[in-house]
Amino acid sequence: MIGAIIFDCDGVLVDSEPASFDLLGEDLARHGLTLGHDELAAHFLGGTIPGAAVKARRLGADLPETWVEDFYERLYARLAEGTPLIPHVEGVIAALDRAGIPYAVGSNGSDRKMQVTLGQHPELLAKLNGRLFSGQALGAPKPAPDLYLHAARALGIEPGRCAVIEDSATGARAAQAAGMCCFGYAPAGGAAALEAEGARVFTDMRELPALLGL
């Protein structure tokens, strides 16, 4: 029996990635690097904004030194305009609550970003109080396993009894390195990359409770 669930945030709990990639694509194009949505996802899905800056410069973007800080502020403002929950994820949370299985969030996003997005859904945010963990704040973002191991310790559950819910290969790699099973959410592509990192892929959150044995 699975002892605890650790959710990624962006693309798993909140549907923040379309707005984030739209803004990132616009920004990079202004600085000399034009990438389509699939290319943006391939290069940057599951990463951090500082990491995106390093990779974008390597790909040819002429980003100013202040770009990371400036981008964060504009991203928070855009996400604050409205960030919906992933469809049916509330049903997953309700199933976990009924089963008495604890859960937490391990995100490569910043603490402030989680507050901006999850804060629009106060009932869910209240359930996650004290259980939101940022790889950036920890100083060890995914694919390092540290974030997920930290979340498991906070929940008091051995890593081998934890399951991770991810939508990126980067996160699935972190789960594997932490010794945790991973379920990969791929509603619109990306299944092959998740499977390559050992994730069990599903495409609809309504499938997840049964996959978890609830």
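The values are calculated or read from the model by the stated rules, or taken from the named source; none is laboratory data. Quick caveat: nothing in here was measured; it's all calculated off a predicted structure. Please note: Cβ atoms are built from the backbone with ideal geometry, for glycine as well, and neighbour counts cover all protein chains shown.
Determine if segment 57-79 includes at least one residue that is at pLDDT 90 or above, assigned to a helix (DSSP H, G or I) and among the aliphatic types (A, V, I, L, M). Yes - at least one qualifying residue is present in segment 57-79. Against the numbered list (1) within 18 Å of GLY135 (Cα to Cα); (2) modelled with pLDDT under 95, ASP8 comes up short only at (2).
Can you find even one residue in segment 63-79 that is polar (S, T, N, Q) and under 21 Å from HIS150 (Cα atoms)? Looking for residues that are polar (S, T, N, Q) and under 21 Å from HIS150 (Cα atoms), one finds none in segment 63-79, hence no.
Listed here are the strands (runs of 3 or more DSSP E) enclosed by segment 81-192 that have at least 1 residues being modelled with pLDDT of 95 or more and of a type in the set (Val, Ile, Thr): 103-107, 162-166. Only residues that are over 19 Å from the mean Cα position of the chain (by Cα) and among the small types (Gly, Ala, Ser) were counted in segment 146-165, giving 2. Screening segment 34-52 for residues that are over 16 Å from the mean Cα position of the chain (by Cα) and modelled with pLDDT under 85 and picking the one that is surrounded by the most Cβ atoms within 10 Å (Cβ to Cβ) gives LEU35. For segment 95-132, taking the residues that are of a type in the set (Val, Ile, Thr) and out of contact with any Cys (no Cβ under 8 Å at 6 or more places or on another chain), the one that is farthest from LEU211 (Cα to Cα) is identified as VAL116. Pairing each residue of segment 170-197 that is at positive phi with any residue that is assigned to a helix (DSSP H, G or I), provided the two are 6+ apart or on different chains, yields C-beta distances under 6 Å for GLY179/PRO159; GLY179/GLY160. Selection over segment 18-43 of residues that are in contact (Cβ under 8 Å) with a residue 60 or more places away in the chain and either within 20 Å of GLY82 (Cα to Cα) or basic (Lys, Arg) (or both) gives a count of 1. Within segment 104-119, the set of residues being closer than 17 Å to ALA154 by Cβ and free of Cβ contacts under 8 Å to residues at least 60 places away in the same chain comprises just one member, ASP111.
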